[in-house]
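Trainee: Encoded as structure tokens, here's the structure I'll be asking about.
The values are calculated or read from the model by the stated rules, or taken from the named source; none is laboratory data. None of the values given here were measured: they were computed from a predicted structure. Cβ atoms come from the backbone with ideal geometry, glycine included; neighbour counts cover every protein chain shown. Keep in mind that these areas ignore ligands, DNA and RNA; they rest on the heavy atoms of the full protein, side chains included. Shrake-Rupley method; radii C 1.70, N 1.55, O 1.52, S 1.80 Å.
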Amino acid sequence: MVRETNRHYRFDWITIILFLLLVGFGWLNILSASHTGTSVNYFDFSQPFGKQLIFIFLTFGLIILLLAIDAKFYERFSSIIYIISMLSLVGLFLFGKNVNGATSWYAIGSFTIQPSEFAKTATALAVAKYISDLNTNINSVKDQIRLFIIIIIPALLVLLQNDTGSTIVYGAFFFVLYREGLPKYYLTIGISAIIISVLALKFGAIITSALVLLCVIAYHFLSKKKLRIYQSILITLFAVAISFGIKFFYQNVLKPHQQDRISLWLNLEKDPEKLERMKQTFAYNLNESEKAIGSGGFMGKGFMEGTRTTGKFVPEQHTDYIFSTVGEEWGFLGSSLVVITFVLLLLRILHLAELQKSQFSRVYGYGVASIIFIHFFINIGMVMGLIPTIGIPLPMFSYGGSGLWAFTILIFIFIKLDSNRINEW
């Protein structure tokens, strides 16, 4: 066995540079979104930009620690890391601090830490460990169920804490399982369920079920490949179950503010007065975010020159709505560069994942890319009004120590695993 002292490591500096670019540019936008006067004290640690500077400084120490640990440590102890992470989520029910209706934080003095952010990395490690096990066959229903349980446990714990945004992120692991050979019919079922759910909310469960039945009949008579009777019945029953199930979930499980956000997105509300009240309360952030982005034009108004940003028109702009600052002050050009940087980071991680000799490293790499993609896609879609408002941060950009450190751990574990590739047989 090769001793640790004789190992050689080659860190991927392209990934590291892309990460640092996003962190640095993110801090500039936090500074712009949170400063309170014309003169700025960059070391005012009472302001979000000052606190974020502390988080960034500590991040470099965290990076050194992550890269100093033996690459095999992450694989060997992935199960223990997962269990500890799940216990930290359970502990929130006893010792958690409620912030904006979600019990997702531990309070440590004046700082708070959000364990659900770190649980994503723990789950990615656990999924990679289970899939790479020699006894695991992803085409086996038994192993598929076990994998789903690994993913569902943290998702349910986070959902019970009223953190819907973080719960949705766990859907990212579907891309990982699909890459590793999960049967394609899962993809068909998943996409179909999403489409049927949206149609049922928009047009009603009965109309949607009838529409699916008509499609099944049309396919049966027009397609050369005929459906069997039992297949047609199963598809119809599936559509009926999803249609009525989503209506029940929407009306009886979701909280009123969550219902209102979906209602605004799908334009479900028919009462003009109630619709106006909903717009004034739940759509205010979105409307102001869209105005800020639109006012930036092609080149933007300039750093710290955004009138809607300095005027604090967008509440909590330094957190979930940070991209609206980019749109106003850096314009279409700056926004495009941010999107391109994220895309380059994702492509680089996927490229490195495919180069891995270890299945564990490859699966984990796909987990990293999938988690970042879901965050990136939902956050930017949210601030532009393309999808419902969901409380989810923009990776490396939004204010918050937990988010920054969680993504740092997520990415730099993979960088360490990739650096060990030259030592793998």
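Trainee: Averaging sequence separations of C-alpha pairs under 8 Å and six or more residues apart, then dividing by the length of the chain, give the relative contact order as a whole percent.
Mentor: For the chain, the relative contact order is 27 percent.
Trainee: Show which lysines lie in cross-link reach of Lys225 when reach means a straight Cα distance below 30 angstrom and same-chain residues fewer than eight apart are skipped.
Mentor: Within the straight-line cut-off, Lys225 pairs with Lys184.
Trainee: Rounded to the nearest 20 debye, what is the charge dipole size of the chain about its Cα centre when +1 sits on each Lys and Arg Cβ and -1 on each Asp and Glu Cβ?
Mentor: 1220
Trainee: How high is the FRET efficiency from Ile54 to Phe238, r the C-beta distance, R0 60 Å, rounded to 0.05?
Mentor: 0.70
Trainee: Separate question: Could you tell me how far the Cα centroid of the stretch 188-222 sits from the Cα centroid of the stretch 151-165, in Å?
Mentor: If we compute the Cα centre of each part, the gap is 28 Å.
Trainee: For the pair Phe43 and Leu350, how long in nm is the line joining their label points, each one 7 Å along Cα→Cβ?
Mentor: Computed distance between label sites Phe43 and Leu350 equals 4.4 nm.
Trainee: Sorted by mean Cβ packing within 10 Å, highest first, what order do the peptides 86-97, 377-388 take?
Mentor: Values: 86-97: 15.2, 377-388: 18.6.
Going from most to least packed, we get 377-388, 86-97.
Trainee: For every helix of n ≥ 4 consecutive DSSP H residues, a contribution of -39,500 (n - 2.57) applies; sum these over the chain, divide by its total residues, and give [θ] at 222 nm rounded to the nearest 500 deg cm²/dmol.
Mentor: Calculated at 222 nm, the ellipticity per residue is -22500 deg cm²/dmol.
Trainee: Here is a follow-up. Running a GNM on the chain with Cα contacts under 10 Å, which residue among Trp27, Trp265, Trp330 ends up with the highest mean-square fluctuation?
Mentor: Among Trp27, Trp265, Trp330, the largest GNM mean-square fluctuation belongs to Trp265.
Trainee: Taking only protein heavy atoms and a 1.4 Å probe, what accessible area per residue, in Å², does the chain have with all protein chains in place?
Mentor: In whole numbers, the chain has 50 Å² accessible per residue.
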